[in-house]
Each structure stands twice: as C-alpha cells, then as structure tokens.
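Everything below concerns the one structure shown next.
The values are calculated or read from the model by the stated rules, or taken from the named source; none is laboratory data. Note that the structure is predicted; figures quoted are calculated from it, not measured. Using ideal geometry, Cβ is built from the backbone for each residue, glycine included, and neighbour counts are taken over all protein chains shown. Note: accessible area is taken over every heavy atom of the protein model, side chains too, but ligands, DNA and RNA are not part of it. Shrake-Rupley method; radii C 1.70, N 1.55, O 1.52, S 1.80 Å.
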Amino acid sequence: MRKYFYSFFATVFILGGLLAGCSSQENEVSANKPDELTISAAASLQDALKELQTIYEKEHESIKIHFNFGGSGALQQQILQGAPVDLFFSAAENKFDTLVEEGMIDRQQGINLLANELVLVVPKHNAKQIHSFEDLQQAGKLALGTPETVPAGQYGVDTLKNMQLWDLLESKVVYTKDVRQVLTYTETENVDAGIVYRTDALVSDKVDIVATADQGMHAPIIYPVGVLKASKHTNEAENFYQFLQTDEAMSVFKKYGFKGVQ
C-alpha cells in the first residue's frame, strides 16, 4: 500500500512540474509576442504606408502593423459598427469628423496631415483621344469611386457637376469600391478613363494623366489621421501616430506625391 502511495505522489509531482514548465513556456511566448496595431487607411495611402511599415517595424521589433485598406466611407462604417481599429487614416475630413462627433476619436489625438490632387487618367493607348475633362463626352465608360463610400468619387462627381458635365456623363459611369479599383479598370482598358488621386496615378506606368481638376471645383482633399479611443494599444498607437508626423515619414509621403497640409 505504501508503495502505491509514494508512486501516486511521485506521479502528481512529475505532472505538476510538467504543467508548471508548460505554463512558464506559454508566458514566455506571450511576453515575446509583438503588439499588433490595426490601421484602417484610405486605399490611396497603401504604397506609402507599406514603406513606412517596413521602416517602423525594423526600428520597433515589438510592434506588428496590420493595414485594412479601402474606401474611407466604408472604413468609417466598419469602425462605427465596432471593428477593432487603433488608428484611422481617412482621405476625407467629413468621414473622420463623424468619428470625432461620435466620441470615438479625441480631437486632440487627430491631425490633418496630408493633401492630394484629383486627376483624370486614361490608358496608355488612349483610343478615345481623351485629353481633358470636356473630352469625356467621347468616352464609352468612365470609372469613378462610389461617392457614398469613396471620397475620390465624391470629389469627382462634384468636379463634373461644377463643370456642367455630370448630366452628360452620368450614364457612362462605372462605380468602384475604392480609388485603386478605378486605376485597375483604367490600366486594363475596361474603361476609357478614370478619376483618381494624383498619388494613385503616379504609381502606375499603364496610365497617363491628361488633366488635373481645378481645386475650386471640389472640396479640399485632406487626409486626417487619429487614434481611436477604443484602441487596446493606446501607447503604441500614439507612438505610431507621432511617427507619421516626423520629417522621415513626411519625406516618404512626398515621395509618393502627397503634400503636407499648409
């Protein structure tokens, strides 16, 4: 009986040691796991932000950045519906301001960081010989971001309306989920022209910029960025928010055609 008694406690002791060892290993893995930041950003920012991600993660090995790119309006709706996001980088002030008004972003933790321009692009072959906004009457199809969710689309509609062209062109419009899809449709010649940001056009060698919208034809194209109050990584999010405002980061944004807000 005594033999079994000692055998039982020996087994319990060994199992306890194994469990303690596993717990210690799990805690060590958890301690070494990087903090993950989720950033919802306008599709037009993806090239610049991916380059900045590489720079930042190299300098901050404990941080892993995940991007959710899309139309600013769609991203805003996701956040309003509870999507776990640490920073929001919008291509329109009104989409950002709604989150401030809803108490989801502190006005003091947001800044109007970048500016952009709206341009008309055509495929390299330019079969319809489109060289201006007025020439769009010759187009069969025009790609434009869905105005309700894609700021570039709303800027485009406003521009065409102010130029007295919208009524002539509305039936030719092919709507897209974001500004990058406009670029893709134009590159592949699924449409005869598209309206995108200058920064989008500059990253493609398959389209030509044929016209720039007069800034008086649409609202200012401003990119605000801010930290969400609901962020579970507030300090890390604030640090990245500050990094985006540095000279190093701004030089990358300018490399891709963005301007600083004056």
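Rounded to the nearest 500, the 222 nm mean residue ellipticity of the chain from helices alone is -13000 deg cm²/dmol, with -39,500 (n - 2.57) taken per DSSP H run of at least 4 residues. Take Glu36: with every protein chain present and a 1.4 Å probe, its accessible area is about 80 Å².
Candidates Leu75, Leu87, Val100 compared by Cα position along the dipole of segment 25-117: farthest toward the positive end lies Leu75, with charges placed on Cβ. Measuring with a 1.4 angstrom probe and ignoring ligands and nucleic acids, Val100 comes out at about 20 Å² accessible. Antiparallel beta bridges, as assigned by DSSP with both residues in the chain, represent about 55 percent of the total such bridges.
For the chain, the longest principal axis of the C-alpha atoms and the axis of helix 234-243 are separated by about 40°. Comparing Gln108, Gln53, Gln215 in a Gaussian network model of the chain where C-alpha atoms under 10 Å apart are linked, the largest mean-square fluctuation is found at Gln108.
For the residue pairs Lys64/Lys259; Lys124/Lys254; Lys172/Lys229; Lys95/Lys172; Lys58/Lys259, the alpha carbons lie more than 32 Å apart in Lys172/Lys229. Projected onto its three principal axes, the C-alpha set of the chain covers 99, 38, 33 Å, listed from the longest axis down.
Along its three principal directions, the equivalent ellipsoid of segment 157-262 from the Cα gyration tensor extends over semi-axes of 32, 17, 15 Å, largest first. With K and R counted +1 and D and E -1, the other residues having a Cβ less than 13 Å from that of Gly73 yield a net charge of -2.
Pick from Leu142, Leu118, Leu165: which residue has the top mean-square fluctuation in a GNM of the chain where Cα pairs under 10 Å get a spring? The residue that fluctuates most here is Leu165.
Helix 151-162 and the long axis of the chain differ in direction by around 10°, with both axes built from C-alpha atoms.
Name the residue, out of Ile63, Ile55, Ile105, whose mean-square fluctuation peaks in a Gaussian network model built on the chain with Cα pairs under 10 Å. Result for the chain, Cα springs under 10 Å: Ile55 fluctuates most.
Percent of accessible area on the chain owned by carbon and sulfur, 1.4 Å probe? Carbon with sulfur: 50 percent of the solvent-accessible area. Solvent exposure of the chain, expressed per residue, is 52 Å² of accessible area, with all protein chains present and a 1.4 angstrom probe. Each Lys or Arg adds one and each Asp or Glu takes one away; over the other residues whose Cβ falls under 13 Å from the Cβ of Thr54, this sums to -3.
For segment 54-173, what value does the Rg/Rh ratio take when both radii are computed over Cα atoms and Rh is the Kirkwood radius, given to two decimals? Don't skip to the answer; put the middle values down first.
Working: Rg = 18.5 Å, Rh = 17.1 Å.
For segment 54-173, the value is 1.08.
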